[in-house]
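Asks: I have a structure I would like to understand better, so I am pasting it below and will then ask my questions one at a time.
The values are calculated or read from the model by the stated rules, or taken from the named source; none is laboratory data. None of these values were measured; they are calculated from a predicted model. Glycine gets a Cβ as well: all are built from the backbone with ideal geometry, and neighbour counts include every protein chain shown. What goes into the accessible areas is simple: the full protein's heavy atoms, side chains included, and nothing from ligands, DNA or RNA. Shrake-Rupley method; radii C 1.70, N 1.55, O 1.52, S 1.80 Å.
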Amino acid sequence: MEETNHTAVVGYVLLGLHEHHGLEMVLFVLCLGIYCMTLLGNSLLMVLIMLDPRLHSPMYFFLSALSLIDICGTSSFMPLMLSNFLQTRSTISFPACALQMYLTLALGTTECLLLAAMAYDRYVAICQPLRYTELMTGQMCLQMAALSWGTGFANSLLQSILLWHLPFCGHNVINHFFCEILAVLKLACGDISLNALALMVATAILTLTPLLLICLSYVLILAAIFRVPSAAGRRKAFSTCSAHLTVVVVFYGTISFMYLKPKAKDPNVDKMITLFYGAVTPSLNPIIYSLRNGEVKAAVTALLGGGLLTRKLSHIYCCPPSLSVNMG
């Protein structure tokens with residue numbers, strides 16, 4: 001192998017905020033709490049959806065998939081990052097760095113596509129309620145979820161192959177908390193124009209296109225809601241998609257702020273913003289759905305009261321053949 005090839009690097013140093021060790025101790029406590037909240041909140045949401053028959057609908061099937069993405073996404077980098085906060089020098093092996101970069105990119109892309117699938121589900125429920133059970137079948141749910149996961153992981157594989165074919169000239173210091181693709185790309189000493197083009201095209205197709213589809217869905221949804229004659233009917237209709245809309249605003253709002261804002265003079269500011277996106281955002285989804293969805297609130301109450309625990313788990317739900325529009 002040539003000395004300039006990336007295989008000459010067997011491990012990487014993660015800078016993090018080691019020049020501010022006191023701040024890292026504060027971040028350790030905060031991130032540990034957030035990580036525990038992410039695991040507990042999303043796991044509880046998945047259990048509720050599995051146990052409560054009232055939550056056996058496509059909307060909650062996609063929500064359980066979203067919770068799984070949040071758990072996997074944070075777990076792909078958070079445990080090692082927490083461990084590194086307690087050390088004076090943070091290192092990661094090349095295979096671990098490659099896997100971490102692959103998973104974070106794949107799961108982030110999958111979440112964009114899954115949010116678009118959830119928006120389509122809400123569009124059908126509000127705008128075509130009589131055809132809801134016909135259009136949102138169990139097979140359709142599985143196909144949309146599989147397409148989201150498959151596309152996200154295929155794109156990440158392509159980006160990873162393009163990146164790891166670059167020469168790295170022995171550079172192994174990553175100015176970040178974890179192996180994020182843009183931070184790793186900065187270590188390359190060759191021509192990265194193809195990588196930049198591939199990332200730009202993938203971002204346009206897999207991030208901006210789902211956002212446009214989500215916006216179009218909600219334009220049609222709002223138009224349909226405004227045609228509902230009674231104020232109570234409008235509130236009831238909007239309540240079925242308000243939680244999802246809030247999650248979309250938080251998710252894309254954070255991404256937009258992270259990538260569209262002017263580059264900070266202090267690179268530590270950009271690292272903190274990325275940390276907020278990667279750690280805090282996944283912990284908010286269960287809270288948003290718990291606070292803004294009556295059916296989830298009822299399921300939590302039933303679970304705390306012990307009612308759900310007595311139900312049989314012999315039939316694990318995916319998507320039932322007969323679905324009704326949840327308006328609560």
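Asks: Of everything in region 191-221, what is open to solvent by 50 Å² or more (accessible area, probe 1.4 Å), farther than 12 Å from LEU163 by Cβ, at pLDDT 90 or above and not small (Gly, Ala, Ser)? Give them in sequence order.
Replies: LEU197, MET200, VAL201, ILE205, LEU208, THR209, LEU212, LEU213, CYS215, LEU216, VAL219, LEU220
Asks: Do we find a residue being β-branched (Val, Ile, Thr), touching an Asp or Glu at 6+ places or on another chain (Cβ under 7 Å) and under 21 Å from ALA202 (Cα atoms) anywhere in region 106-124? Talk me through it step by step, then tell me what you get.
Replies: Narrowing region 106-124 to residues β-branched (Val, Ile, Thr): 109-110, 124.
Now narrow it down to the ones that are touching an Asp or Glu at 6+ places or on another chain (Cβ under 7 Å): none.
The answer is no; no qualifying residue exists.
Asks: Out of the residues in region 226-254 meeting the condition of being farther than 19 Å from PRO129 by Cα and of a type in the set (Val, Ile, Thr), tell me which one is surrounded by the fewest Cβ atoms within 10 Å (Cβ to Cβ).
Replies: VAL249
The rows are residues; the columns are (1) crowded, with 19+ Cβ neighbours inside 10 Å; (2) farther than 23 Å from GLU180 by Cβ; (3) without any contact (Cβ under 8 Å) to a residue 12 or more places away in the chain; (4) not hydroxyl-bearing (Ser, Thr, Tyr).
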position	(1), (2), (3), (4)
VAL29	no, no, yes, yes
SER90	yes, no, no, no
PHE94	no, no, no, yes
GLN100	yes, no, no, yes
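Asks: I need the full set of residues from region 211-248 which are of a type in the set (Val, Ile, Thr) and either under 20 Å from VAL296 (Cα atoms) or over 24 Å from the mean Cα position of the chain (by Cα) (or both), in order please.
Replies: Selection gives ILE225, VAL228, THR240, THR246, VAL247, VAL248.
Asks: A follow-up question, please. Out of (1) at pLDDT below 90; (2) in a helix (DSSP H, G or I), the odd one out for GLU2 is which?
Replies: Condition (2) is where GLU2 drops out.
Asks: Report whether or not LEU142 is within 20 Å of PHE61 (Cα to Cα) and either among the small types (Gly, Ala, Ser) or open to solvent by less than 40 Å² (accessible area, probe 1.4 Å) (or both). It would help to see each step written out before you state the result.
Replies: Numbers: within 20 Å of PHE61 (Cα to Cα): yes; either among the small types (Gly, Ala, Ser) or open to solvent by less than 40 Å² (accessible area, probe 1.4 Å) (or both): no.
In short, no.
Asks: Quick test of your reading of the structure: ALA188 fulfils all but one of (1) of a type outside the set (Lys, Arg); (2) at pLDDT below 90; (3) out of contact with any Phe, Trp or Tyr (no Cβ under 7 Å at 6 or more places or on another chain); (4) closer than 24 Å to LEU99 by Cβ. Name the failing condition by number.
Replies: Status for ALA188: all satisfied but (3).
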